[in-house]
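Taking it in order: structure first as structure tokens, then the write-up.
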Amino acid sequence: MTKTITLAQGNGGQENNELISKVFYKAFKNDILDKSEDAAIIHNGELAFSTDSFTVSPLFFAGADIGKLAVCGTCNDLAMMGAKPKYLTCSVIIEEGFETRDLERIVRSMKKELEINGAIIVSGDTKVVPRGSVDKIFINTTGIGEVLKKGISSNNITKDDIIIVNRDIGCHGAAIFVAREGIEMSSSLQSDCESLYPQVKALLDADIKITAMRDATRGGVSAVLNEWSRQSNICIEVEEESIPISDEVKGICEMLGFEATALANEGTFVLAVNHDDAQKAVEILKTFESCKNAAIIANVTDTHLKKVILKSSWGTSRFLDTPSGELLPRIC
């Protein structure tokens, strides 16, 4: 552990995991927290409970803004546990001098996304701090959802499961970088920020045998797969060519040296589904406009326990490690 906190410790990768485990998990250790899920399952398995804070820069970007992000982020964490988002809190820290017009725009985005999830804000808090005390506006949302399907857990993945991604990856991280750096692009690249509950509900309604789900936010798909391999004591073997990546994201990665699998997402999730239902799950996902590129990307084996292997089309293999270092700060 470093003596002072670094930006890398907030990136969702290796340093972030170390900070959480050695400081917060050490102090707050309990059976619910130890499960390390996207949302805590409480009240005899009937409710899902999650919280998240949002500090993205810039506040407005192609495809979304901090308001939409704040609702999607928490609602999606609930959906990943098979829960319907129901009630949210909203706490806002606003810098003195912030434009009221921008605040109203952010709140409108939140309202629209709440309606998509069928959720409501039931409590909140507002603080205004002196100029320079916060960068424009920070938002925290906490949510409670009704569990529709019990037993979904990233601790229960086995060799009976197939790994699926619901869409092309890396769009959010790439879009944020382009917006922040003022890069001019003649493309349609935008954040994938989207509420995932409608997709999850479609899978649950079709009685798909889902073992685990997780949205690939900070640290991207790499972080999710590595977390799963450790939590379930499995090996995940990924076919590199099967990972859907848009031409725009590929171009940014090649130009700037990024790994698409490590880029953040806000409307992309990874599923572990029983192999009998894997193809059906992909077909259901593809009925959604944003999920035309849904694909099976990996198998579960016991080749190298607690490791993720990336297999190339050339017949070579390498370990896909948890992202480390300072990736894209302030992506959520």
remark   = A chain fully extended from residue 159 to residue 3 at 0.36 nm per residue, minus the present Cα-Cα distance, gains in nm 52.1 nm
message = Computing the accessible area with a 1.4 Å probe over protein heavy atoms, can you report the carbon and sulfur percentage for the chain?
response = 51
note = Surrounding charge for residue 146, neighbours by C-beta under 10 angstrom, Lys/Arg +1, Asp/Glu -1, total +1
query = Using the beta-carbon distance between residue 318 and residue 123 and R0 = 35 Å, what value does 1/(1 + (r/R0)^6) give for FRET efficiency, to the nearest 0.05?
reply = 0.15
ask   = So how exposed is residue 162, as accessible area in Å² (1.4 Å probe, rounded to 10)?
value = 30
note = Evaluated at 25 °C and 0.890 mPa s, the Stokes-Einstein D of segment 20-114 based on the Kirkwood radius over Cα pairs, in µm²/s, stands at 162
note = With every protein chain in place, the accessible area of residue 304 for a 1.4 Å probe, in Å² rounded to the nearest 10, comes to 80
Calculated Rg and Dmax of segment 221-295 using C-alpha coordinates, Å = 13.7, 40
remark   = So, with points 7 Å from each Cα along the Cβ direction, the residue 42-residue 102 label distance in nm works out to 3.4
FRET efficiency for residue 33 and residue 87, using Cβ-Cβ distance with R0 set to 22 Å, rounded to 0.05 = 0.55
message = With every protein chain kept in place and ligands, DNA and RNA left out, what is the accessible area per residue of the chain? Probe 1.4 Å, answer in Å².
response = 47
key: Ranking by accessible area, most exposed first, for 239, 184, 104 with a 1.4 Å probe   = 184, 104, 239
task = Note the listed values [x] 37, 23, 15; [y] 35, 21, 18; [z] 29, 23, 21, then indicate which one is semi-axes √(5λ) of the Cα gyration tensor in Å calculated from this particular structure.
result = [z]
ask   = List the GluC sites (Glu not before Pro) in segment 6-54 that DSSP assigns to loop (not H, G, I, E or B) and whose Cβ has at most 16 other Cβ atoms within 10 Å. Which are they?
value = 46
Contour excess over end-to-end distance, with Cα ends at residue 26 and residue 304 and 0.36 nm allotted per residue = 97.3 nm
key: Debye, to nearest 20: dipole size of the chain, +1 on Lys, Arg Cβ, -1 on Asp, Glu Cβ   = 640
ask   = How much space per residue, in cubic angstrom, does the convex hull of the C-alpha atoms of segment 92-164 take up?
value = 168
key: Within segment 1-120: Cβ-based charge dipole about Cα centre, in debye rounded to nearest 20 (Lys, Arg +1; Asp, Glu -1)   = 100
message = Give me the percent relative contact order of the chain, please, defined on Cα pairs under 8 angstrom at least 6 residues apart.
response = 24
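The values are calculated or read from the model by the stated rules, or taken from the named source; none is laboratory data. The model shown is predicted, which means the values in this text are computed figures rather than measured ones. Glycine gets a Cβ as well: all are built from the backbone with ideal geometry, and neighbour counts include every protein chain shown. When the accessible area is computed, the model is the full protein with side chains, heavy atoms only, and any ligands, DNA or RNA have been set aside. Shrake-Rupley method; radii C 1.70, N 1.55, O 1.52, S 1.80 Å.
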